[in-house]
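Visitor: Handing you this structure, nothing more for now.
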Amino acid sequence: ASLAMIHAIEVVNNSTLLSSLGIRLGYKIHDTCSDVTTALRATEDLMQREMECYSTTNFFNMSDCIQPTTAVIGAYHSETSIAVARDLNLQEIPQISYASSADILSDKSRFPGFFRTVPSDMHQTSAMVKLLKENKWTWVGVITTDGDYGRSALDSFMSQAFLAGICLAFKEVLPDSVSDSPKLQSAVSRTVRTLNFNTKVKVVVSFAKPEHMRLLFQELHSGQSSFPRLWVASDNWSTSEDVIDPGELNQNTRVIGFSFESRDVTPFKEFLKNLEFNSEAQANNSFLKDFYSNNKPQAVEKLINTIDAGKGTIFSIQMAVSAVAQAVAKQCSARDCTVPGSLQPWEVKPCYQNITSKCSDSCRPGQFKKTDEGQHTCCYSCIDCPENQFSNGTDMDECHRCNAHSEWSDPGSSKCELKTLEYFDWNDVFAVILLTLAAVGIVVVFLVSLLFLSHRDSPVVKAAGGPLCQLILLSLVGSFVSSVFFVGKPTDAQCKVRQVLYGLSFTLCVSCILVKSLKILLAFQVKLELLKSLRRLYKPYLIICFCMLVQGANHTWWLILFSPHKRSIINNSTILEECDEGSYVAFGVVMGFIALLALVCFIFAFKGRKLPQKYNEAKFITFGMLVYLMAWVLFIPVYVTTAGKYLPAVEMAVILISNYSILCCHFFPKCYAILFRSMSNTRDDFMRNVYEYSKKSTRGLGDFSLPDHQRLGPHMVII
């Protein structure tokens, strides 16, 4: 720094700025030794000489006085500059510092004569915080000194770091003075222990002096600290060759430094090269004389090789000297302080970009940060988002809710998933099986219908009911078709049609069977004196129409008051589409009416179960209705306890069971007789069978007997 100032003074002395005025600048250099007391002693010596020169005794002997001090350039450290500035203010001597950056020195009310050619620490700490924030280094340590510069820099850094969300793991303050070795060594050892304890801290910001950092690195390396760290160096030591020596730094130690603006220092290098070991300059320059007396000629070459590290300070010194020269010449002019930005160290060393310094690891998507009470905001736990919530970024403070109607998510999810739409689908295995059974049933019904039409005049078909069989088969087709509406995505129309179609179809079926069972009962079980009166009341098609009208009325008020409709049940991860019956009471009335007809059929058929072998229709009706009633009795608890997309399958299965029970019990025996027992399918065979049954019946009457034509009369009605 002293050689740079000497060179700068010689440059301005040889320039037209001062030579045209016949003015030259002189200088006197004092070494502060980085100590405030030494600097104050030099300042007092300077001021004392000027006071003696302008004292009353020497007022008329001015030739013995040296030129008054125009300005003071320095000092390097802010603590020294603050102390010196307070003394210089007493005599209004301007002071220009080339390195003191403490923000307190910007206060003109306290330091009116202080100027500097470097920016305030406020800008440096702001740049540091920006560096940490952009690299997401949110968990850092700070080391500073117990002086005006260290405290000011620490306060500025902490306030800006807090606003940027950066947390301080620790703050270590070293003694400002380096003269008290035991105290300094104790503080350095304490700092090393703190560093080794905070293993998660990978980035440390330091505002300490070069002397402090050299001791700190020495103890860290001697202790074989294996923790890799990145050091963010302030201008206080970022260009110090005593500290930033690649040969001395541990392989786990990396440094990013902040330094002042610099320019080309080639002229200064040439100045150093042209210094001769025994030049005349030494005669008039005591500092150069001391420099050469304590250093070998190779020292100049070494100084030239390491000068690039401190070119920011050299440029600041040159600006300070230039400012003094222009003030002396009263030619203040604006200077251009902007230079093209140069490539920064961390941009050419990719290893710096992989450093992580955090108290807690980043929370991944699907988690949110939870800070424990009393902890730093940078120290937190990563908690998985609860069910139906998500976070799609890192380090989220909270989770967002999914759309409850259409979306869902598992715990710890980074996004919401669309809810699966569920219904009794056409592709479902159970649906395919049930639809196949329904299709087979429809085909069988048509085949039976064709068979009965082709043999409509045969005794078997007439005994089975004749035209009523075609009505029953038609109703079974409707019942089979209604089961198809239980499959697929439900709609309002589908929900209405399936219940109405089944209810009316199966009511028609059971009504026809009721008429058949009543006809058999009248033919074989009713006493002769009641037969004529009951025949007047026996109107089969009127009975069927009456039953259909009653069931039609039931469906009408059901559709008007409590119409079945489609509804969506929103579950955790699914949306169930199903039919809402509207009213289970109305549903029960419709099904209950069919069950009532079936029960009446069962009673009538049970009473006529002991009929001639050719007229054993009552047995089949009894068995068919029994199967139907048992199926629907079992349906009730299963239907009530079942939920989900397979609920329609339960009712569909019961409908198919009911249909197949009618087919198997009412029509398959007749088809067998028509196809394989044609010899028995004759009028004579049927009459002989009826005669034998009548003969057995009258034998049990004892003395009471009827003529043959009276006993056979009722049976002739059937055929």
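Visitor: Tell me, yes or no, whether the stretch 131-151 has at least one residue that is surrounded by fewer than 18 Cβ atoms within 10 Å (Cβ to Cβ), of a type in the set (G, A, S) and not assigned by TED's automatic domain parsing to the domain that holds T394.
Guide: Within the stretch 131-151 (the criterion being surrounded by fewer than 18 Cβ atoms within 10 Å (Cβ to Cβ), of a type in the set (G, A, S) and not assigned by TED's automatic domain parsing to the domain that holds T394), the answer is no, since none of the residues qualifies.
Visitor: Next up: Which numbered condition trips up D457, out of (1) in a loop (DSSP other than H, G, I, E, B); (2) in the same structural domain as I472 (by TED's automatic domain parsing); (3) modelled with pLDDT of 85 or more?
Guide: (3)
Visitor: Taking the residues in the stretch 88-116 that are of a type in the set (S, T, N, Q), part of a loop (DSSP other than H, G, I, E, B) and touching a helix residue (DSSP H, G or I) at 6+ places or on another chain (Cβ under 7 Å) as candidates, determine which candidate is farthest from G74 (Cα to Cα). Give the steps one after another, and end with the answer.
Guide: So in the stretch 88-116, the residues of a type in the set (S, T, N, Q) come out as 89, 91, 95, 97, 100-101, 106, 109.
If we keep only those that are part of a loop (DSSP other than H, G, I, E, B) too, we end up with 100-101, 109.
Now drop any that are not touching a helix residue (DSSP H, G or I) at 6+ places or on another chain (Cβ under 7 Å), which leaves 100-101.
Values: S100: 8, S101: 12 Å.
Result: S101.
Visitor: Kindly provide the set of residues from the stretch 393-410 that are outside any loop (DSSP other than H, G, I, E, B) and under 8 Å from the mean Cα position of the chain (by Cα), ordered by number. Outline the logic, then answer.
Guide: First, the residues of the stretch 393-410 that are outside any loop (DSSP other than H, G, I, E, B): 400-401, 407-408.
Of everything in the stretch 393-410, just one residue is outside any loop (DSSP other than H, G, I, E, B) and under 8 Å from the mean Cα position of the chain (by Cα), namely H400.
Visitor: Could you tell me which residue of the stretch 644-655 is surrounded by the fewest Cβ atoms within 10 Å (Cβ to Cβ), considering only residues that are assigned to a helix (DSSP H, G or I) and touching a residue at least 24 places away in the same chain (Cβ under 8 Å)? Before the answer, list the steps.
Guide: Looking only at the stretch 644-655, we keep the residues that are assigned to a helix (DSSP H, G or I), and these are 647-655.
Okay, now just the ones that are also touching a residue at least 24 places away in the same chain (Cβ under 8 Å), so 647-649, 651-653, 655.
Numbers: L647: 17, P648: 23, A649: 19, E651: 23, M652: 26, A653: 20, I655: 25.
By that ranking, first place goes to L647.
Visitor: To continue, here is another question. For the stretch 108-126, does any single residue satisfy the condition of being at pLDDT below 85 and touching a Pro at 6+ places or on another chain (Cβ under 6 Å)?
Guide: Scanning the stretch 108-126, I find at least one residue that is at pLDDT below 85 and touching a Pro at 6+ places or on another chain (Cβ under 6 Å), so the answer is yes.
Visitor: How many residues does the stretch 365-378 contain that are modelled with pLDDT under 85 and either farther than 20 Å from W137 by Cβ or buried (at least 17 other Cβ atoms within 10 Å of the Cβ) (or both)? So that I can check it myself, show each step before the final result.
Guide: Let us first name the residues in the stretch 365-378 that are modelled with pLDDT under 85, namely 371-378.
Restricting the remaining residues to those that are either farther than 20 Å from W137 by Cβ or buried (at least 17 other Cβ atoms within 10 Å of the Cβ) (or both) gives 372-374, 378.
Selection size over the stretch 365-378: 4.
Visitor: Tell me, which residue of the stretch 412-454 that is among the hydroxyl-bearing types (S, T, Y) and assigned to a loop (DSSP other than H, G, I, E, B) is nearest to V484 (Cα to Cα)?
Guide: Keep residues of the stretch 412-454 that are among the hydroxyl-bearing types (S, T, Y), which gives 413-414, 420, 423, 436, 449, 454.
Imposing the further condition that a residue be assigned to a loop (DSSP other than H, G, I, E, B) reduces the set to 414, 423.
On the way: S414: 42, Y423: 14 Å.
Residue satisfying both the conditions and the ranking: Y423.
Visitor: Still on this structure: Do we find a residue being within 25 Å of D395 (Cα to Cα), of a type in the set (A, V, I, L, M, F, W, C), in contact (Cβ under 8 Å) with a residue 40 or more places away in the chain and assigned to a strand (DSSP E or B) anywhere in the stretch 204-222? Show your work before the answer.
Guide: Filtering the stretch 204-222 down to residues within 25 Å of D395 (Cα to Cα) leaves 204-205.
Keeping just the survivors that are of a type in the set (A, V, I, L, M, F, W, C) gives 204-205.
Applying the additional criterion that residues be in contact (Cβ under 8 Å) with a residue 40 or more places away in the chain yields 204-205.
Those still in the list that are assigned to a strand (DSSP E or B) too: 204-205.
Within the stretch 204-222, one or more residues are within 25 Å of D395 (Cα to Cα), of a type in the set (A, V, I, L, M, F, W, C), in contact (Cβ under 8 Å) with a residue 40 or more places away in the chain and assigned to a strand (DSSP E or B).
Visitor: Still on this model: Using the structure shown, decide if L701 is surrounded by 12 or more Cβ atoms within 10 Å (Cβ to Cβ), at pLDDT below 85 and either outside the structural domain of I575 (by TED's automatic domain parsing) or over 60 Å from the mean Cα position of the chain (by Cα) (or both).
Guide: Working: surrounded by 12 or more Cβ atoms within 10 Å (Cβ to Cβ): no; at pLDDT below 85: yes; either outside the structural domain of I575 (by TED's automatic domain parsing) or over 60 Å from the mean Cα position of the chain (by Cα) (or both): yes.
Considered against the rule, which asks whether it is surrounded by 12 or more Cβ atoms within 10 Å (Cβ to Cβ), at pLDDT below 85 and either outside the structural domain of I575 (by TED's automatic domain parsing) or over 60 Å from the mean Cα position of the chain (by Cα) (or both), L701 comes out as no.
Visitor: Do we find that I82 is at pLDDT 75 or above, more than 23 Å from V328 (Cβ to Cβ), hydrophobic (A, V, I, L, M, F, W, C) and in contact with a strand residue (DSSP E or B) (Cβ under 9 Å, 6 or more places away or on another chain) in this structure?
Guide: Values: at pLDDT 75 or above: yes; more than 23 Å from V328 (Cβ to Cβ): yes; hydrophobic (A, V, I, L, M, F, W, C): yes; in contact with a strand residue (DSSP E or B) (Cβ under 9 Å, 6 or more places away or on another chain): yes.
Taking the combined requirement at face value, the residue satisfies it.
Visitor: If you don't mind, there's one more thing I want to ask. Checking the conditions here, which among S573, S583, S658, S568 is of a type in the set (S, T, N, Q) and surrounded by 17 or more Cβ atoms within 10 Å (Cβ to Cβ)? Walk me through it before giving the result.
Guide: Numbers: S573 fails: surrounded by 17 or more Cβ atoms within 10 Å (Cβ to Cβ); S583 fails: surrounded by 17 or more Cβ atoms within 10 Å (Cβ to Cβ); S568 fails: surrounded by 17 or more Cβ atoms within 10 Å (Cβ to Cβ).
Of S573, S583, S658, S568, the one residue that is of a type in the set (S, T, N, Q) and surrounded by 17 or more Cβ atoms within 10 Å (Cβ to Cβ) is S658.
Visitor: Looking only at the stretch 101-115, count every residue that is under 19 Å from S316 (Cα atoms) and free of Cβ contacts under 8 Å to residues at least 24 places away in the same chain and tell me the total.
Guide: Looking only at the stretch 101-115, we keep the residues that are under 19 Å from S316 (Cα atoms), and these are 101-103, 105-106, 113-115.
The next check asks that each one be free of Cβ contacts under 8 Å to residues at least 24 places away in the same chain; those that pass are 106.
Looking only at that region, the number is 1.
Visitor: Name the single residue, out of those in the stretch 228-239 being in contact (Cβ under 8 Å) with a residue 40 or more places away in the chain and closer than 10 Å to K209 by Cα, that is surrounded by the fewest Cβ atoms within 10 Å (Cβ to Cβ).
Guide: Only one residue tops the list, namely D235.
Visitor: Out of D31, D45, report the one residue that is modelled with pLDDT under 85, outside any loop (DSSP other than H, G, I, E, B) and out of contact with any Ser or Thr (no Cβ under 7 Å at 6 or more places or on another chain).
Guide: Values: D31 fails: outside any loop (DSSP other than H, G, I, E, B).
Selected residue: D45, the only one of D31, D45 that is modelled with pLDDT under 85, outside any loop (DSSP other than H, G, I, E, B) and out of contact with any Ser or Thr (no Cβ under 7 Å at 6 or more places or on another chain).
Visitor: Among the residues in the stretch 88-105, are any among the charged types (D, E, K, R), in the same structural domain as T37 (by TED's automatic domain parsing), farther than 25 Å from K200 by Cβ and more than 39 Å from the chain's Cα centre (by Cα)?
Guide: Of the residues in the stretch 88-105, the ones among the charged types (D, E, K, R) are 92, 103.
Then drop every residue that is not in the same structural domain as T37 (by TED's automatic domain parsing), which leaves 92, 103.
Applying the additional criterion that residues be farther than 25 Å from K200 by Cβ yields 92, 103.
Going one step further and asking which of them are more than 39 Å from the chain's Cα centre (by Cα), we end up with 92, 103.
Scanning the stretch 88-105 turns up at least one residue that is among the charged types (D, E, K, R), in the same structural domain as T37 (by TED's automatic domain parsing), farther than 25 Å from K200 by Cβ and more than 39 Å from the chain's Cα centre (by Cα).
Visitor: Still on this structure, please answer the following. Might you let me know whether the stretch 544-556 holds any residue that is assigned by TED's automatic domain parsing to the domain that holds K619 and modelled with pLDDT under 90? Walk me through it before giving the result.
Guide: Step one: of the stretch 544-556, the residues assigned by TED's automatic domain parsing to the domain that holds K619 are 544-556.
If we keep only those that are modelled with pLDDT under 90 as well, we get none.
There is no residue in the stretch 544-556 that is assigned by TED's automatic domain parsing to the domain that holds K619 and modelled with pLDDT under 90.
Visitor: Next question, about the same structure. Give me a count of the residues in the stretch 543-562 that are touching a Ser or Thr at 6+ places or on another chain (Cβ under 9 Å) and farther than 27 Å from V515 by Cβ.
Guide: So the answer is 2.
Visitor: If only one of S159, S177, S152 is assigned to a helix (DSSP H, G or I) and over 20 Å from S238 (Cβ atoms), which one is it? First the steps, then the outcome.
Guide: Working: S177 fails: assigned to a helix (DSSP H, G or I); S152 fails: over 20 Å from S238 (Cβ atoms).
Exactly one residue qualifies, and that residue is S159.
Visitor: Would you mind finding the one in S238, S186 that is touching a Phe, Trp or Tyr at 6+ places or on another chain (Cβ under 7 Å) and of a type in the set (S, T, N, Q)? Let's see the steps before the verdict.
Guide: Working: S186 fails: touching a Phe, Trp or Tyr at 6+ places or on another chain (Cβ under 7 Å).
When all the criteria are applied, what remains is S238.
The values are calculated or read from the model by the stated rules, or taken from the named source; none is laboratory data. Please read all numbers here as calculations on a predicted model, not as lab measurements. Using ideal geometry, Cβ is built from the backbone for each residue, glycine included, and neighbour counts are taken over all protein chains shown.
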